[in-house]
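Report on the structure given below.
The values are calculated or read from the model by the stated rules, or taken from the named source; none is laboratory data. Computed from a predicted model, the values in this text were never measured in an experiment. Cβ: placed from backbone, ideal geometry, glycine included. Neighbour counts: every protein chain shown. What goes into the accessible areas is simple: the full protein's heavy atoms, side chains included, and nothing from ligands, DNA or RNA. Shrake-Rupley method; radii C 1.70, N 1.55, O 1.52, S 1.80 Å.
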Amino acid sequence: METNPRGIPKAPFVENVEDHVSEQEPVEIVLRKFQEAMAKYKFMEVNMLQRKRNLDAKIPEIRKTLEMVQFLQSQASEGDDAKEIETLYELNDTLYATARVEPTGKVCLWLGANVMLEYPVKEAADLLASKLEAALKTLKNTEEDLLYLRDQITTMEVNTARVYNWDVKQRRLTRAKAEAAGEE
């Protein structure tokens, strides 16, 4: 089965309904399979949307932190002339405090799960740059996957409609034949 680069299967397009409907697989079974496939695609879409929301929130934080570390790196590169920096830092969403930061050449980064590690400024900048690059790549892949999933869901909706309409047409033909045979 054909898939996209991240393993999401491609939905088959039903060109000829008769090829998919048979005595062994009547219309009801084919429609149920299509509904199951559509439910799987929609489940994947919900997960991708959640991942995208998380990345949309995470990327600005990484950028902001990287900019601050790069600023500290530029201050440290001034050598012996590096002086204390007075700044505001965020305690909460709406609460800031004033701080004096002495140049130490080290920074502490929150890694998550209540873990904070101290890094040399250069190493922290490299780590944040790689994390930002990875997050941007993941965001790009997630957006591509969302578009791909949307196409697959649309294909399955079209398939479902085609099979359903074919079934309605077949029932009408059968009824018309029965009525014609009954009139004779």
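Odds and ends about this structure:
- Cleavage-rule hits (chymotrypsin sites (Phe, Trp or Tyr not before Pro)) in region 1-74: DSSP loop, at most 14 neighbouring Cβ within 10 angstrom: PHE13
- Total charge dipole magnitude, region 56-114, about the Cα centre, Cβ charges on Lys, Arg, Asp, Glu only, Debye to nearest 20: 200 debye
- Calculated accessible area for region 42-123 comes out at 78 Å² per residue, all protein chains present (probe 1.4 Å; ligands, DNA, RNA ignored).
- Rounded, prolate or oblate (a/c below 1.5 giving rounded, otherwise prolate when a/b exceeds b/c) for the chain by Cα gyration tensor: prolate
- Farthest positive-ward along the chain dipole, Cα basis, beta-carbon charges - from GLN152, ALA181, LEU55: ALA181
- Protein accessible area in the chain, 1.4 Å probe - carbon and sulfur %: 53 percent
- Contact order for region 39-184, expressed relative to its length and based on alpha carbon pairs under 8 Å spaced 6+ residues apart, stands at 27 percent.
- Cα Rg over Rh - region 73-163, Kirkwood: 1.30
- Candidates per trypsin sites (Lys or Arg not before Pro) in region 52-92, loop by DSSP, up to 13 other Cβ within 10 Å: LYS83
- In straight-distance terms, cross-link reach from LYS177 covers every one of the lysines whose alpha-carbon lies under 29 Å from its own, apart from those fewer than eight places away in the same chain; here that gives LYS169.
- The charge dipole of the chain, taken about its Cα centre with unit charges on the Cβ atoms of Lys, Arg (+1), Asp and Glu (-1) only, comes to about 400 debye.
- Cleavage-rule hits, GluC sites (Glu not before Pro), region 79-136, DSSP coil, Cβ neighbours within 10 Å at most 14: GLU84
- Those residues of region 48-76 whose amide nitrogen sits under 13 Å from the label point placed on ALA99, 7 Å along Cα→Cβ: 65, 68-69, 72
- Calculated [θ] (222 nm, deg cm²/dmol) that DSSP helices of n ≥ 4 give over the chain, each run adding -39,500 (n - 2.57): -23500 deg cm²/dmol
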